[in-house]
1. Quick one: is A:GLU63 within 28 Å of B:ARG56 (Cβ to Cβ), among the acidic types (Asp, Glu) and under 13 Å from the mean Cα position of the chain (by Cα)?
2. Which one of the conditions (1) under 27 Å from A:TRP128 (Cα atoms); (2) small (Gly, Ala, Ser); (3) without any contact (Cβ under 8 Å) to a residue 24 or more places away in the chain does A:GLY27 fail to meet, given that it meets all the rest?
3. Looking only at segment B:48-63, which residues are over 13 Å from A:TYR58 (Cβ atoms) and touching a residue at least 24 places away in the same chain (Cβ under 8 Å)?
4. Please determine, by comparing only the residues of segment A:96-138 that are assigned to a loop (DSSP other than H, G, I, E, B) and within 14 Å of chain B (Cβ to nearest Cβ), which one is surrounded by the fewest Cβ atoms within 10 Å (Cβ to Cβ).
5. Only residues that are at the interface with chain B (Cβ under 9 Å from one of its Cβ atoms), buried (at least 20 other Cβ atoms within 10 Å of the Cβ) and part of a helix (DSSP H, G or I): list them for segment A:63-89, please.
6. Looking only at segment B:61-85, how many residues end up being touching a helix residue (DSSP H, G or I) at 6+ places or on another chain (Cβ under 9 Å) and part of a loop (DSSP other than H, G, I, E, B)?
7. Can you name every residue in segment A:1-29 that is farther than 20 Å from A:ALA71 by Cα, of a type outside the set (S, T, N, Q) and part of a loop (DSSP other than H, G, I, E, B)?
Amino acid sequence: MGQATSLVRVQHEDFDLTREVQALRQGDAGVGAVAVFVGTVRDVNEGSGVSTLTLEHYPGMTESALEDIAAQAHQRWRLNGTLIIHRYGELQPCDQIVLVAVTSAHRGDAFEACEFIMDFLKTRAPFWKKEQTPAGTRWVDARRADDEAAARWDESSPNTDRVRSSPAG
Amino acid sequence: MKITILYFASLRETLGLERESVEVPAEIATMGALRNWLRLRGGAWAESLVEGRAVRMAVNRQLAGPESLLVDDAEVAFFPPVTGG
């Protein structure tokens, strides 16, 4: 495979999943697997209706945090490309929030790297969600389950991961 | 030492402050010391930065811990645990 691609975008605008994945794997015949995660806005959280979700972030740090997470994924797995798009500003239920797309030769690397990127993004990228509910606005609390999900990846060393055989697919 | 401090999300709202330039005494060398020093302002500062409360920190746009060193002209930030994705 050629030079691995690592793309990060932080934007208010929506994204087109098909177009983004097409661009990521364009012309790379070494790609045999594309894993994609899209996070969307739910209309209910913690038992309350959510009418608007506002995402705040730390311009400058957000981009470098996401680039760092992608770089770690490229170190741990054999990847052809990664793309992370995260939106900020006011969003409505059903809107897309985040896209993580990973390309690799085989599915094992793509699946795992995609989940790794999301787990680290949830605990390390400086974004904060504020919800508009019938009772007023409230900041979303961080969830312990997200910390636990990210901590799983510390258990195996990067070197062990790299040489692990991946099922072909 | 002169630094810039940024506050985000609920912390920014509680403190009513987004950014400030601060001249920090020489003995304040780490992020942990800076947090303790800011708490001395009392009121919302004492409450939101109290020990045990989950506050995340960054120095020059890198996640930092209480031992992280302050450097001259640093951009440091305090914010609640992140909730993106």
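1. For A:GLU63, the condition - within 28 Å of B:ARG56 (Cβ to Cβ), among the acidic types (Asp, Glu) and under 13 Å from the mean Cα position of the chain (by Cα) - is met.
2. A:GLY27 satisfies all of (1) under 27 Å from A:TRP128 (Cα atoms); (2) small (Gly, Ala, Ser); (3) without any contact (Cβ under 8 Å) to a residue 24 or more places away in the chain except (1).
3. Those that are over 13 Å from A:TYR58 (Cβ atoms) and touching a residue at least 24 places away in the same chain (Cβ under 8 Å): B:SER48, B:LEU49, B:ALA54, B:VAL55.
4. Restricting to residues being assigned to a loop (DSSP other than H, G, I, E, B) and within 14 Å of chain B (Cβ to nearest Cβ), the top hit is A:PRO126.
5. Listed by number, the list holds a single entry, A:ALA65.
6. 12
7. Correct list: A:HIS12, A:GLU13, A:ASP14, A:PHE15, A:ASP16, A:GLY27, A:ALA29.
Residue-by-condition table, conditions (1) within 11 Å of chain A (Cβ to nearest Cβ); (2) touching a Lys or Arg at 6+ places or on another chain (Cβ under 9 Å):
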{"site": "B:SER10", "(1), (2)": "yes, yes"}
{"site": "B:LEU17", "(1), (2)": "no, no"}
{"site": "B:GLU20", "(1), (2)": "no, no"}
{"site": "B:ALA26", "(1), (2)": "no, no"}
{"site": "B:ALA29", "(1), (2)": "no, no"}
{"site": "B:GLU47", "(1), (2)": "no, yes"}
{"site": "B:ARG61", "(1), (2)": "yes, no"}
{"site": "B:VAL71", "(1), (2)": "no, no"}
{"site": "B:GLY84", "(1), (2)": "yes, yes"}
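Rule-based calculations on the coordinates, nothing more; no lab input. Keep in mind it's a predicted model, so treat the numbers as computed, not measured. Neighbour counts run over all protein chains shown; Cβ positions are idealised from the backbone, glycine included.
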